[in-house]
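Quick note: the coordinates plus some simple rules give every number you see, no bench work behind them. Everything quoted here is computed from the prediction, not taken from an experiment. Here the Cβ is made from the backbone with ideal geometry for all residues, glycine too, and neighbour counts use every protein chain on show.
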Amino acid sequence: MELITIDTYLYIGGRLRYLIQAKEGYPLYSLSHDAVLDNMKKLSHDIHTHQFKTTKSSKSFNDFNNLLREWENRPPDYTLDKYDVTELNKICKNIEEIILSECRDKIVFKVLDKRIDPQKLLFKPPSLLPQEVYSKLPQIAQYDFSQACQCIAFDLPTAAAFHLMRCIEGSLRKYYTNLTGNDAKGLVWGGIIKQLHSLTSNQPPKEVLDVLDNIRDNYRNPTQHPDAVYDIEQVQTLFGICTAALSMISKSL
């Protein structure tokens, strides 16, 4: 997946329109960086950068870049003559037609507003946890937490629930190891909770274990069922429960 802001396409269209409508006497260079040559360079860069494969391989785009290289050697005070305008307009009109055709296969998805800020879900997952909690999570749990955030943002609630359960279980294993000094390998969620309840020293607070066992019993086990399906509201509620649990156990992570 490639992140592209909508204004990228607007700029491409705007530069094409400018070059198509360029007239005799337009300056090739300008101190304000909005003259013909600057628009040509930026247009060529954007087409290369944003995967317009058909356009890039076209004769018209090759002609465009040849023209760009030729005009880069013109004197600083050069202005377009009638022949320049005709050639530039023709090439850019052809490129515009190719890009418009190619854009029909470029689909843009809009992220809808949710109870949880989509900008934080996509770009700042750690900010959705209390300060420094994210950095204490094991690496795999950090991965799952971030993936859960993206799934919520993109309206994939059941997938988000799976990642949240993985995040909690991975964090629970580190929690167990830090409290007992033992490796949690081979232990299941319920077995870890049972052993933590039986500790005679360094036993975690009962309310912490109750929250973790509640997640296991009411969310983790049902989520594994092949018929389980979450909607976006349910998974956002689950997200709140999981962030609270992570915050509770973070002191021992």
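Which whole-Hz ³J(HN,Hα) couplings does region 148-165 yield from phi under the Karplus relation 6.51 cos²θ - 1.76 cosθ + 1.60, θ = phi - 60°, glycine and proline marked x?
4, 4, 5, 5, 5, 4, 9, 6, 10, x, 5, 4, 4, 4, 4, 5, 5, 5
In terms of the Cα gyration tensor, with a ≥ b ≥ c the square roots of its eigenvalues, is region 197-252 rounded because a/c is under 1.5, prolate because a/b exceeds b/c, or oblate? Can you show the working numbers first?
Details: a/c = 3.89, a/b = 1.86, b/c = 2.10.
Oblate shape, in that a/c is at least 1.5 and b/c is the bigger or equal ratio.
Compute the projected area of the convex hull of the Cα atoms of the chain, averaged over all viewing directions, and report it in nm² to one decimal place.
Hull-based average projected area comes out at 19.1 nm².
Hey, what do the phi angles of region 240-248 turn into as Karplus ³J(HN,Hα) couplings, whole Hz, using 6.51/-1.76/1.60 and θ = phi - 60°, x for Gly and Pro?
Running phi through 6.51 cos²θ - 1.76 cosθ + 1.60 with θ = phi - 60° gives x, 5, 5, 5, 5, 5, 4, 5, 5 Hz.
For region 6-103, compute the orientation-averaged projected area of the C-alpha convex hull (one quarter of its surface), in nm².
On the way: hull surface 23.3 nm².
If you wrap the Cα atoms of region 6-103 in a convex hull and average its projections, you get 5.8 nm².
Take every Cα-Cα distance within region 63-110, group them into 10 Å bins from 0 onward, and report for each bin the whole-number percent of pairs it holds.
20, 40, 22, 14, 3
Any idea what the dipole of region 118-252 comes to, in debye rounded to 20, about its Cα centre with Lys/Arg Cβ at +1 and Asp/Glu Cβ at -1? Working shown, then result.
Numbers: 12 positive and 12 negative charges, 101 e Å.
Here region 118-252 has a charge dipole of around 480 debye.
In region 79-111, which residues have a backbone nitrogen under 17 Å from the label point lying 7 Å from Y9's Cα in the Cα-to-Cβ direction?
From region 79-111, the list is 96-111.
What is the packing order of peptides 109-116, 231-238, 163-170, taking the mean over residues of other C-beta atoms within 10 Å and listing the highest first?
Values: 109-116: 11.0, 231-238: 16.0, 163-170: 23.2.
So the peptides 109-116, 231-238, 163-170, ranked by packing, come out 163-170, 231-238, 109-116.
Over all directions, the average projected area of the alpha-carbon convex hull for region 118-252 comes to how many nm²?
Seen from a random direction, the Cα hull of region 118-252 projects 7.8 nm² on average.
Once R0 is set to 22 Å, what does the formula 1/(1 + (r/R0)^6) return for the Cβ-Cβ distance between N182 and Q139, expressed as a FRET efficiency to the nearest 0.05? The partial results should precede the final answer.
Working: r = 20 Å, r/R0 = 0.91.
Once the sixth-power term is evaluated, E becomes 0.65.
Mind listing the long-range amide H neighbours of Y26? Cut-off is under 5 Å, sequence gap 5 or more, other chains count too, H placed in the peptide plane at 1.01 Å from N.
L80
Past 31 Å, Cα to Cα: identify those pairs from K41/K124; K120/K194; K110/K251; K124/K251; K59/K82; K56/K124, in the order given.
Values: K41/K124 33 Å; K120/K194 35 Å; K110/K251 38 Å; K124/K251 22 Å; K59/K82 23 Å; K56/K124 34 Å.
Going by Cα-Cα distance, K41/K124; K120/K194; K110/K251; K56/K124 fall outside the 31 Å limit.
About the Cα centre of the chain, what is the dipole size in debye to 20, counting +1 per Lys and Arg Cβ and -1 per Asp and Glu Cβ, all else neutral?
Details: 30 positive and 31 negative charges, 111 e Å.
Dipole magnitude for the chain comes out near 540 debye.
As I understand it, the dipole of region 6-103 uses +1 on the Cβ of Lys and Arg and -1 on the Cβ of Asp and Glu, about the Cα centre. Which of Y18, C103, F64 lies farthest toward its positive end?
C103
So what J values fall out for region 208-222 if you push phi through Karplus, 6.51 cos²θ - 1.76 cosθ + 1.60 with θ = phi - 60°, rounded to Hz, Gly and Pro as x?
Along region 208-222, the couplings run 5, 5, 5, 5, 5, 6, 5, 5, 4, 6, 9, 10, 4, 5, x Hz.
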